[in-house]
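Okay, structure first, notes after.
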């Protein structure tokens, strides 16, 4: 039984150590302008995965990634504006970001636009 507990603790420690290294790698790449890594950092802050949950930090990184053309980041800016996460809720701003994401091929953004009553073709 003690071996199983020690093995589980060892595995959890390894995962945490690996996750910390991953976060640092994404952070370096994001600071160098990688839209993908900017979105990965944003998702970490948005969800609290491996870091303290922070909507302001998530918003900052989503914004950088969205401007860099990341359609998932564009969608998440829509979500943040729609729900008032770290910004004042603004349906028009949410629609703007969802529309950009949809026009760039993000199907989830199209569903969000329909949910908000925007006609999309």
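The values are calculated or read from the model by the stated rules, or taken from the named source; none is laboratory data. If you're wondering where the values come from, they're calculated on a predicted model, not measured in any experiment. We place every Cβ from the backbone using ideal geometry, glycine too, and count neighbours over all the protein chains shown.
Numbers below:
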quantity	calculated
Qualifying residue in segment 49-68 (condition: modelled with pLDDT of 90 or more, under 30 Å from residue 121 (Cβ atoms) and either outside any helix (DSSP H, G or I) or out of contact with any helix residue (DSSP H, G or I) (no Cβ under 7 Å at 6 or more places or on another chain) (or both))	yes
Residue satisfying all of: in segment 21-58; within 21 Å of residue 93 (Cα to Cα) and more than 8 Å from the chain's Cα centre (by Cα); surrounded by the most Cβ atoms within 10 Å (Cβ to Cβ) among these	38
Matching entry among 77, 116, 100 (being surrounded by fewer than 23 Cβ atoms within 10 Å (Cβ to Cβ) and under 22 Å from residue 38 (Cα atoms))	100
Residue tally, condition part of a helix (DSSP H, G or I) and modelled with pLDDT of 80 or more, over segment 11-48	14
Where a residue in segment 36-60 is at positive phi and its partner, wherever it lies, is at pLDDT 90 or above and surrounded by 23 or more Cβ atoms within 10 Å (Cβ to Cβ), with Cβ under 9 Å and at least six apart	50/44
